[in-house]
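Read through the structure below, which is laid out as structure tokens, and then see the notes.
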Amino acid sequence: MKPALDRLKEMPELIFMVASHLGPKDLHSLRLTCNQVHDICQPLFYRKLWLHGYWNEPNLLEIAKHASFIHTLKVESLTFAAYYSCMFDISQGASISPSSASPAATSLSLQRANPLQLASIISRAMLEALGDLHCFPAQFLYSICPSPRLTVLSLDLVMLNTEFELNFLAKVLSSIGTLRSLTVSYSTDILTAEDVLKTLVYGCPDNLEFFSLFYDLIEEPEDYEDEELYEEDAELEETVLTLLGPVMERQEPLRRLTEWRLNVNGGNIDRDTFFSLLKFLPELTSMDVPSIGSSDGGNWEVVDRVAKACPKLTGLSKHHIFKDFGGTMMIAFLQYMPANTVEAVQISEFDEWDLLDEGLTVQKESVKSIVLDECAEISVSTISWIFSWCSALEVFRFTTKRESTFSLPLHDLVSQEWASNKFRELKLSVLLREDQEQPDEEDLVFSDPMPRWTIGLERLYRQIGALTQLRILDLRVVVDKTSRGSDGFLITYKDRTFPGFLTLEDRTAGRLGWLQLLGGLRNLEELCGSFNLDAMLEGFEFRQEEADWIVEHWPKLRFIEFYVYRKGHCITLPPPVQSMIERLPGLIVAKTYTDIYFDP
């Protein structure tokens, strides 16, 4: 009997069926088995695409030929024209010809038309004419007709300056019945934020589950230089608009929409407009906090109306705080939402004016996830309070901007027992004292009582060791972001290491270490942060004993950061790490040292 692999190669239909359920990494491995499998699997790599300016024409032509496989698409309108051109070249109108649509396409209600039917109603000639005039909605509609599986769509840097283009785009989006996730980054010099938001919400397909809009008002409007050409465009647009009809107000709510993101840079969304849209969002579980409050006590009204319109709301976020410096509205939502109903809080670019813990006090028994990304400033007491009082916390991630001077001293982090031992993900940057990073030589051996510099570190390691559900740990040593090493490169967290974290204690040899305290992390999958093997102090080296211990106690480990310095052009991991790779299936070791030329 032939080997199983040889029999599989003789059944291309089965190969394709199996490959369609594989991720990119496994798909690549399968494709390497033989040329026949390579040819069958290749189109499946086009399921997720980001079309940007680096794609050349041959690549775009290949993508266009396999457009039917696309289910996730991210495009930039400024570079989308090249893909449209390739799609036009290979389709020759076949993708949108009336004969390829159903006979009833032209009479079908536009509210139920799919992209192919919508394109047939407009006609190939008019779509091509609009495409030649760089009308993004026309190019977009033409290009997605061969992609019936499209479920995730991100439109970046969309620049539409007429009501016609906005309405056209809304009509196209409403026709994609398979769409589940929609992200739009929108720039304009004419259309108001209110008009853009209302039109896109009215145009959202019924099955949409995630919606995100970033609106950017351009301060310097563009001038139309060719008035005659503009008049010709207007006549064509009027004809298409007559065929499409206006964008009507929604009659039914978006019953599957559970996540909502709204960021407005320039312009305003007034209360009446915002409240009028809430009736379409009854199933929301997560939303961006709107910046429509006031300092005269009106914040309570906003929160109350949102809570009543969206009774399932449990997640609050705030991205790009342009008009909510200090997180005033976020804190108001935390304070005025029903007590202990908020489960997730995410804030980007936070510059704390009012203390965040004043809002979290009301939600401390329910909040499970707190993510603070790219913070400019935040109180140390706020971080300490979160760990001391949020008893349901499962996810905590905290990062700062490069220019931020904030740091979290180790002492403040471990001054009290953590309220939660349910963490699944933990990301922290911790400031160590000088004697903790570079202890005296006589303090590097085991003694009773233990050296003073070890007290805070041992408390931290014990706290982490008690987190038996932890899957992701990212632990970084805070460094001076302007300091350079002897090689002239900027010093980053990858130049540092946590003393004793990956070292087993050996009292007979006088060896300090606390790795044995982390035996409870049997669910750990990722370990990231300051674990530079070349920076480990004498007596704390990573040996075969530590590698054996990790293999035994962290059986689910799939990713670990072990940084080493380059030896010329080579980066060689020590034998203990190599043995871990051999014994832990699928383990990935991030061994490349990042220097000044890369983002730390």
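Read the figures in this text as sums done on the coordinates, not as results from a lab. Everything numeric in this text was worked out from a predicted model, so none of it was measured. Glycine also receives a Cβ, built like all others from the backbone with ideal geometry; neighbour counts cover every protein chain displayed.
Observations
- The overall shape of segment 425-590 is rounded: from the C-alpha gyration tensor, with semi-axes ordered a ≥ b ≥ c, the ratio a/c is less than 1.5.
- Centre separation in Å (Cα based) which lies between segment 477-531 and segment 253-313: 44 Å
- Between the amide H of Asp189 and those of Ile218, distances stay under 5 Å, these residues lying 5 or more places away or on another chain, with hydrogens modeled in the peptide plane.
- Dividing the radius of gyration of the alpha carbons in segment 115-227 by their Kirkwood radius gives 0.96 for Rg/Rh.
- For Phe88, the shell of other residues with beta-carbons less than 15 Å away shows a net charge of -2, using +1 for Lys and Arg and -1 for Asp and Glu.
- Using θ = phi - 60° and Karplus 6.51 cos²θ - 1.76 cosθ + 1.60, couplings along segment 501-512 (whole Hz; Gly, Pro as x): 5, 10, 10, 7, 5, 9, 5, 5, 9, x, 9, 7
- Computed from backbone phi, the HN-Hα couplings of segment 337-350 come to 5, x, 4, 6, 10, 7, 10, 9, 10, 9, 10, 10, 6, 7 Hz, rounded to whole numbers (Karplus: 6.51 cos²θ - 1.76 cosθ + 1.60, θ = phi - 60°; Gly and Pro given as x).
- Working note: Karplus 6.51/-1.76/1.60 with θ = phi - 60° gives segment 407-412 the couplings 8, 9, x, 4, 4, 5 Hz, where Gly and Pro are set to x.
- Amide proton proximity set for Ala590, modelled H, under 5 Å, gap of 5+: Ile560, Glu561, Phe562
- Nonlocal amide H pairs with Val477, under 5 Å, H built at 1.01 Å: Val430, Ser530
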